[in-house]
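Take a look at the structure set out below.
The values are calculated or read from the model by the stated rules, or taken from the named source; none is laboratory data. Owing to the predicted nature of the structure, the values given are computational and were not obtained by experimental measurement. Reconstructed Cβ throughout: ideal geometry from the backbone, glycine too, with neighbour counts over all protein chains shown. Remember, those area values only see protein heavy atoms, side chains included, never the ligands or the DNA or RNA. Shrake-Rupley method; radii C 1.70, N 1.55, O 1.52, S 1.80 Å.
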There are 2 protein chains.
Amino acid sequence: MVSFDPASLLTVAHAEALAGLAEGGVPIGAALFTVDGELLGKGHNRRVQDGDPAMHAETAAFRAAGRRSHYRDTVMVTTLSPCWYCSGLVRQFGIGHVVIGEAATFSGGHDWLAENGVGITLLSDAACTELMTRFIAEHPELWYEDIGAETSGSGT
Amino acid sequence: MVSFDPASLLTVAHAEALAGLAEGGVPIGAALFTVDGELLGKGHNRRVQDGDPAMHAETAAFRAAGRRSHYRDTVMVTTLSPCWYCSGLVRQFGIGHVVIGEAATFSGGHDWLAENGVGITLLSDAACTELMTRFIAEHPELWYEDIGAETSGSGT
């Protein structure tokens, strides 16, 4: 049973995405909450800021939450459908639910998570979609780098 | 075609695992190489050392390698079968090949990676297996925490 307000949680992730954009980074934000709405950690993609390709929004939020013995009572909220890397994080650590801002600009592993018992709430949020649509249009190379996708010009 | 020597690459990951053990950490090591054998980055699990649950061996090696536009010509070597989190990393970023020390003490997502086109070399290395077998026996709580597995006493 979902006892939290997904839209309310998304505002925290969206604020993180905007903070990342203001720093010149990839504007994706995330946060980890308990199902009772307690914030455990939040963060945003730090590829540009830290030169760290491993620091996606979800991993940043997960790291910020610190060490825990289990995650079954937690909810990951992210502005964008989680990529395979971040979907793998959710599955491995048994995060119970994922709230997703949008999956229109990029669709990662959320269907796979649902098939494996993770609760998924897809909000199709217009502000999140607009933010990523604009970023991808303005910085395609950075976006493709962030998801490990090769552009047509660099393929074999 | 595999043009590198898997056993030679594994020695680098194994040395990282031993460094982690000496620091009191989870003894799993990894390294990212090009298919020509150039070392791009290496690291080990840093859950204990940094209080960072997101820093598995593979993510540490990936971070150490820094930003790259693509990974199709890279090989990830790890002392232990990659968990879903680290398998997701490999799939998302298109790492072409994974060399695994052992999958006897823990089997993660390497079959899933193989099904999705990633080359897998499983070495069944005795030293790697012995290292993890001993660690799990001596520090079960730490090990279960590292893979997000709840022990029978804490389950619902």
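What separates the A:Ala114 label point from its copies, with the point 7 Å along Cα to Cβ, is 3.0 nm, written shortest first. Relative to the longest principal axis of the Cα atoms of chain A, the long axis of helix A:6-22 lies at roughly 30 degrees.
Ordered from largest to smallest accessible area (heavy atoms of protein chains, 1.4 Å probe), the residues A:Leu123, A:Leu21, B:Leu142 come out as A:Leu21, A:Leu123, B:Leu142. In chain A, the DSSP-assigned H stretches of four residues or longer account for a calculated mean residue ellipticity at 222 nm of -12000 deg cm²/dmol, using -39500 (n - 2.57) per stretch and the full residue count as denominator.
Taking chain A, how much of its Cα-Cα pair set, in percent, is spaced more than 18 angstrom apart? Value for chain A (Cα pairs over 18 Å): 53 percent.
At 1.4 Å probe size, with every protein chain present, just tell me what the per residue accessible area of the stretch B:1-121 comes to in Å². Show your work: numbers first, answer last.
Working: 3990 Å² over 121 residues.
For the stretch B:1-121, the per-residue accessible area is 33 Å².
Comment: the Cα-to-Cβ extended label point of B:Arg67, at 7 Å, lies 3.2 nm from its counterparts in the other copies, nearest first.
Ordered by solvent-accessible area of protein heavy atoms (1.4 Å probe), largest first, the residues B:Thr11, B:Thr59 come out as B:Thr11, B:Thr59.
Restricting the stretch A:72-151 to GluC sites (Glu not before Pro) that sit in a DSSP loop and have at most 10 other Cβ atoms within 10 Å of their own Cβ leaves nothing.
Here the protein assembly as shown is treated as a sphere whose radius is the Kirkwood value from Cα pairs; by Stokes-Einstein at 20 °C and 1.002 mPa s it diffuses with a coefficient of 110 µm²/s.
Taking the Cα centre of the stretch B:55-156 as origin, sum charge times position over the Cβ atoms of Lys and Arg (+1) and Asp and Glu (-1), and report the length of that vector in debye to the nearest 20.
Dipole about the Cα centre, nearest 20: 580 debye.
Calculate how many DSSP beta bridges within the protein assembly as shown are antiparallel, expressed in % of all such bridges and rounded to the nearest 5.
Roughly 55 percent of the DSSP beta bridges within the protein assembly as shown come out antiparallel.
The rotation axis bringing chain B onto chain A passes closest to the chain B residue reported with its distance as B:Gly88, 1, by C-beta distance in whole Å. Within the full protein context, the accessible area of A:Lys42 is estimated at about 100 Å² for a probe radius of 1.4 Å.
Report the local net charge at B:Ala30: Lys and Arg +1, Asp and Glu -1, summed over other residues whose C-beta lies under 12 Å from its C-beta.
On the way: positive: B:Lys42, B:Arg46, B:Arg63; negative: B:Glu16, B:Glu58.
With Lys, Arg at +1 and Asp, Glu at -1, the neighbours total +1.
At full extension, B:Ser8 and B:Thr133 could sit 42.8 nm farther apart than now, given 0.36 nm per residue minus the alpha carbon distance.
For the interface of chains B and A, what total accessible area is buried with a 1.4 Å probe, rounded to the nearest 100 Å²? Don't skip to the answer; put the middle values down first.
Numbers: alone 7590 and 7580 Å², together 12040 Å².
Buried: approximately 3100 Å² between A and B.
In this view, the solvent-accessible surface of B:Ile120, computed with a 1.4 Å probe and all protein chains in place, comes to about 50 Å². Accessible area per residue was computed with a 1.4 Å probe on protein heavy atoms; B:Val99 scores about 0 Å². Per atom type, the stretch B:58-125 shows carbon and sulfur on 40% of its accessible surface, probed at 1.4 Å. A loss of 30 Å² or more of accessible area (1.4 Å probe, protein heavy atoms, ligands and nucleic acids excluded) relative to the isolated chain is seen in these residues of the stretch A:59-77: A:Phe62, A:Arg63, A:Arg67, A:Ser69, A:Arg72.
I want the antiparallel fraction of DSSP beta bridges within chain A, as a percent rounded to 5.
Values: 10 of 19 bridges.
Counting only bridges with both partners in chain A, antiparallel ones make up about 55 percent.
For the stretch B:66-156, the spread of Cα positions along the three principal axes, ordered from largest to smallest, is 44, 32, 27 Å. The same position B:Gly51 in the other copies lies at 2.6 nm from this copy, comparing label points 7 Å beyond Cα toward the beta-carbon, shortest first. Considering only A:Phe33, A:Ala65, A:Phe106, and ranking their Cα positions along the charge dipole of the stretch A:1-117 that arises from unit charges at the beta-carbon of Lys, Arg, Asp and Glu, the one farthest toward the positive end is A:Ala65.
Computed from Cα positions, the angle between helix B:126-138 and the longest principal axis of chain B comes to roughly 30 degrees. The accessible-area loss of the stretch A:43-57 on complex formation, taken against its chain alone with a 1.4 Å probe, reaches 20 Å² or more at A:Arg47, A:Gly51, A:Asp52, A:Pro53, A:Ala54.
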